[in-house]
Amino acid sequence: VKSPTLRFLLGLSISLVVLESQPTKAQEIDELQADLSQMLDAYSWKDARWGVLVVSLDQSDTLFSESPDSALSPASNLKLLTTAAALRILGPDFRFQTYLLSNSNIANDVLQGDLVLYGTGDPGISDLFFQEREDVLELLADQLEDSGIKTVGGDLVADASHLPGPLRPYSWDPKDLNDHFAAPVSALSFNENVVSFRVASSGRAGSRPEVHTIPENAGLDVRNLAITSPRGTRPHLSILREYPSNPIRIEGGIALGARDAWRQMTVSSPPHFTASVFRNVLLERGIRILGDIRVVRSPQRSVLTTITSPTHRERSRVRILAKHTSAPLSEYISVINKRSNNLFAELVFRTMGRTQEGLGSPEAGARAVSAALTEIGVPMEGVVQLDGSGLAAGNRTSAGTFVSLLQRMAETETWNHYWASLPQAGTRRELRRMYQTAAAGNLRAKTGTIEGVSALSGIVRSRDHERLAFSILLNGTPSTTRAKRVENLVGARLAEFVRSPEREPSTIVEEIDERIVVSGQSSQRYQVVSGDNLSSIAYRYGLTLNEMLQANPRIEPNRILAGQWLTIPQRGGGS
């Protein structure tokens, strides 16, 4: 076809066919809304309340909403507020410091006074970032040993005064306080403030079983009241504590030759726990503490109000004997969002309060979060934040707040850190859901679960790569398991959404190659779905792998991704 007029008319006819064969954008959105409504209706419970919102980050239109402004309990979705504010207030490069301090002289290898182990809120003194849980304490001991100190003449002071708020938020359910997810919050923490018990039968029936703690030398008050029963019996063994400040009781029995019994429990005093383990680390190096372990929680009783305050009268006398610097905050917010670690969230939350107001309390943390997010345009009216983790049932926010948060954070310089901290769907170590759907390897979202509450908020790309911010909150559900099935269905459906079956008509017309039109040849486009590989796609269209590679010269043959567009060449001749 050589006539310019004929070529124009042929191109116009192609574009008209494309336009007529495709549903409108409104139809696609109507279908999406109908599908999502059906999903929610299928799991409606009498007293349950949904709050759902889906907004396009790229086109700024609302694709679905269901009571988006309802104030609901968000469970661990609240961590999205905490971590976003932390990136704003503290910055991705913020690091916690842990110190060994003293205001005493050293003479003849003896520190003639107290040795102060001073924490500023680092939750990472554990085996989460190190090969062994005691590694940070060993590093501090290395530095102390290098100073030549062999004996501490005074006490080992566990100073947690940097964050003097309550160990356990008053809003937490008392029945949770023995469990690891409700670990006490302290400026001086170790092993995420939990200890594991291993109870083993002794070699003789009628005697007490053996009780081991991990870590050892934890300084806990444990009452072993259990009995080793005869072989073959099936007694019941209990490890009990009515309240965190009470002694831990081991009651009942364990049969001779039975498997060891295990139980993890929170510690009652994190500073004392940390200092007890550290004292043993020093003792193994031959460094003796002549005094006792003494815990300081009040700034008024601390050897200093803060090591950085230039107005402190005794600053010139305070000596830093050792220091440990944590991993950056960017790594900690990944622990908070991907592992949903409550202790990390609470300590970062209180650190923001300390930074902004000089108070390491939950109330100061909440004010800091609200101010930081309001500053970037997130509507915080009606938000009730009682803690940093979302464990408190009395927290309140809305799906609209979470979607606005994602919209505003996407405009900030810390967005990449924030986005990377969210669990990815279809991965074993992150969000182990939505396998073999378009959401796998695509959707990133924070989960949330407490009694009667399920939540999922995050970002997913549609089939045509449009970024969709969504929030799904459900309160009053009798089954969080079934609620998560709905979340999975919604996430997968959003990943399948497309504003037209292929792409925008204008884009298709623009990309028609004049040489193909003239020669009568054509090609089509295919979007990769999860599980595809290049060989299987080539086989499906009766092509060779070589033909696919020639038509798509920029792709990596062994690494095609779900959502990626490929050109499918059409065989055939023409005149």
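Some notes on this structure:
- Condition check for GLU216: assigned by TED's automatic domain parsing to the domain that holds ILE239, among the acidic types (Asp, Glu), more than 19 Å from ALA322 (Cβ to Cβ) and modelled with pLDDT under 95: yes
- Residue within region 338-348 that is in a loop (DSSP other than H, G, I, E, B), surrounded by fewer than 24 Cβ atoms within 10 Å (Cβ to Cβ), basic (Lys, Arg) and not assigned by TED's automatic domain parsing to the domain that holds VAL303 present: yes
- Qualifying residue in region 485-499 (condition: surrounded by fewer than 20 Cβ atoms within 10 Å (Cβ to Cβ) and within 27 Å of GLU331 (Cβ to Cβ)): no
- Region 247-286 - residue that is surrounded by fewer than 16 Cβ atoms within 10 Å (Cβ to Cβ) and in contact with a Phe, Trp or Tyr (Cβ under 9 Å, 6 or more places away or on another chain) and, of those, nearest to ASN191 (Cα to Cα): GLN264
- Across region 429-456, the number of residues qualifying as of a type outside the set (A, V, I, L, M, F, W, C), assigned to a strand (DSSP E or B) and within 17 Å of ASN416 (Cα to Cα) comes to 2.
- Those residues of region 251-294 which are over 31 Å from the mean Cα position of the chain (by Cα) and part of a strand (DSSP E or B), in sequence order: GLU251, GLY252, GLY253, ILE254, ALA255, ARG288, ILE289, ILE293, ARG294
- Qualifying residue in region 125-137 (condition: without any contact (Cβ under 8 Å) to a residue 24 or more places away in the chain and of a type in the set (Phe, Trp, Tyr)): yes
- Criterion applied to GLU66, GLU134 was being of a type in the set (Asp, Glu), assigned by TED's automatic domain parsing to the domain that holds SER245 and either within 32 Å of the chain's Cα centre (by Cα) or loosely packed, with under 15 Cβ neighbours inside 10 Å (or both), and the one residue passing it is GLU134.
- So ASP122, is it surrounded by fewer than 18 Cβ atoms within 10 Å (Cβ to Cβ) and modelled with pLDDT of 95 or more: no
- Pairing residues of region 231-245 that are closer than 15 Å to GLY206 by Cβ with residues that are of a type outside the set (Gly, Ala, Ser) and surrounded by 11 or more Cβ atoms within 10 Å (Cβ to Cβ), at Cβ distances under 6 Å and at least 6 apart in sequence or on separate chains, gives ARG231/LEU256.
- Lone unmet requirement of (1) outside any strand (DSSP E or B); (2) in contact with a strand residue (DSSP E or B) (Cβ under 7 Å, 6 or more places away or on another chain); (3) surrounded by fewer than 18 Cβ atoms within 10 Å (Cβ to Cβ) for PRO244: (3)
- Unmet criterion (only one of (1) outside the structural domain of GLY121 (by TED's automatic domain parsing); (2) more than 24 Å from ALA410 (Cα to Cα); (3) at pLDDT 95 or above) for LYS323: (1)
- Matching residues in region 39-63 - criterion: being out of contact with any Phe, Trp or Tyr (no Cβ under 8 Å at 6 or more places or on another chain) and surrounded by 20 or more Cβ atoms within 10 Å (Cβ to Cβ): TRP50, GLY51
- Within region 354-380, residues that are farther than 21 Å from ASP69 by Cα reach partners that are among the aromatic types (Phe, Trp, Tyr) with beta carbons closer than 8 Å, at six or more positions or on different chains, in the pairs PRO362/PHE349; GLY365/PHE349.
- Conditions (1) under 25 Å from the mean Cα position of the chain (by Cα); (2) buried (at least 22 other Cβ atoms within 10 Å of the Cβ); (3) acidic (Asp, Glu); number of the one not met by ASP176: (2)
- Residue match in region 415-423 (condition: modelled with pLDDT of 95 or more, buried (at least 24 other Cβ atoms within 10 Å of the Cβ), in contact with a Pro (Cβ under 7 Å, 6 or more places away or on another chain) and not in a helix (DSSP H, G or I)): no
- For the condition at pLDDT below 95 and in contact with a Gly (Cβ under 8 Å, 6 or more places away or on another chain), LEU386 does not qualify.
Table: residues versus (1) assigned to a strand (DSSP E or B); (2) within 28 Å of ASN280 (Cα to Cα); (3) modelled with pLDDT under 90.
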residue: HIS212; (1), (2), (3): yes, yes, no
residue: LEU220; (1), (2), (3): no, yes, yes
residue: PRO235; (1), (2), (3): no, no, yes
residue: ARG249; (1), (2), (3): yes, yes, no
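- When region 457-486 is filtered for residues that are out of contact with any Ser or Thr (no Cβ under 7 Å at 6 or more places or on another chain) and outside any strand (DSSP E or B), the ones remaining, listed by number, are SER462, ARG463, ASP464, HIS465, GLY476, PRO478, SER479, THR481, ARG482, ARG485, VAL486.
- Matching residues in region 331-368 - criterion: being of a type in the set (Val, Ile, Thr) and within 17 Å of the chain's Cα centre (by Cα): ILE333, VAL335, ILE336, VAL348
The values are calculated or read from the model by the stated rules, or taken from the named source; none is laboratory data. Since the structure is predicted, the reported quantities are computational estimates derived from the model, not experimental observations. All Cβ positions, glycine included, derive from the backbone under ideal geometry; neighbour counts span all protein chains shown.
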